[in-house]
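Notes follow once the structure below has been shown.
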Amino acid sequence: MALPKLNNTPMYDITIPSTGKKTRFRPYLVGEEKVLMIASETKEEKQIISATLDIIESCIDDDIDVRNLPSFDAEYLFLNIRSKSVGETVDLIMLCSNCEHEQEVNVNLNEVSVDTPEKKSYIIDLTKDVSLQMRYISYFDTLNSSDEEPESDVTRLYDLILSSIEAVLTEDERVIVKDETREELEEFVNGMTQKQYEKLSNFVLNMPQLKLDIKFKCDECAHENETMIMGMQNFFE
């Protein structure tokens, strides 16, 4: 005799931030959470991100290439899946800005948001004749490319900038970067002026993130605190 199915899994509606496309998702199950926990215990970023993306892919009721989603889309989807699976609130340790007292603050994950620009195409002008078509980096792009030594912040930013360039535009052609070699792309970027490179840095550094405004009254000095936390990792520390 076959074992019975325990639960009818509920489905929830959600809107993907970068596209405005509506989809549905279910909570993750014990077996899926186990994979994520095992990956988390390794402390290896690649395994954790791979497990996270596998869970998103399994729980989303749509044919979405989650590995090419902008990183903030993936984080937003996972945060919502996690909130319906484990709980919609989480306790964070916050620091009072007045007396530096550490205090536990209960945060509602349903209030986390992502601000995305209305435009869907991102063009950066380098000269009057050459522009770049940019794209938001995916969750995979945020991985440290080295398996041995961690990258410096400068090198990591440089790699993310390379990953965010989709095409080089001239008056006569559109050169797709993925069709070129890494060496050719590096040579192109290394030939930029500081002002040109700064435009690319600003695009990457100002990419949309998960964010939540938090207000709390300090238990120690009664100071009214207001702060903002950004990025998925900060909701689970």
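Quick note: the coordinates plus some simple rules give every number you see, no bench work behind them. Model, not experiment: these values are computed from the prediction. Here Cβ is always computed from backbone atoms with ideal geometry, including for glycine, and neighbour counts include all displayed protein chains.
For segment 21-59, which trypsin sites (Lys or Arg not before Pro) are both in a DSSP coil and crowded by at most 14 other Cβ atoms within 10 Å? Kindly include the intermediate steps, with their values, before the conclusion.
On the way: sites: 21, 22, 24, 34, 43, 46; in loops: 21, 43.
The qualifying sites are 21, 43.
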Mean ellipticity per residue at 222 nm, deg cm²/dmol - from DSSP H runs of n ≥ 4 across the chain, formula -39500 (n - 2.57): -10000 deg cm²/dmol
Two-site label geometry, residue 12 and residue 178: point separation in nm, points 7 Å out along Cα→Cβ: 3.1 nm
Sort by residue number and report every cysteine in the chain with no other cysteine beta carbon within a distance under 4.7 Å. 59
Of the listed values [x] 18.1; [y] 15.8; [z] 12.4, identify the label whose number matches mean projected area of the Cα convex hull in nm² calculated from this model. [x]
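What is segment 9-87's relative contact order, in percent, from Cα pairs under 8 angstrom and six or more apart in sequence?
Details: 83 pairs, mean separation 27.0, N = 79.
Relative CO of segment 9-87 lands at 34 percent.
Please compare each pair in 21/84; 84/217; 21/199; 128/195; 43/199 to a cut-off of 23 Å on the Cα-Cα distance and tell me which ones are over it. Walk me through the numbers on the way to the answer.
On the way: 21/84 20 Å; 84/217 28 Å; 21/199 29 Å; 128/195 14 Å; 43/199 33 Å.
Table pairs above 23 Å Cα-Cα are 84/217; 21/199; 43/199.
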The rounded separation in angstrom of the Cα centers of segment 170-237 and segment 21-35 is 27 Å
Final fewest-first order of 85, 18 on the 10 Å Cβ neighbour count is 18, 85
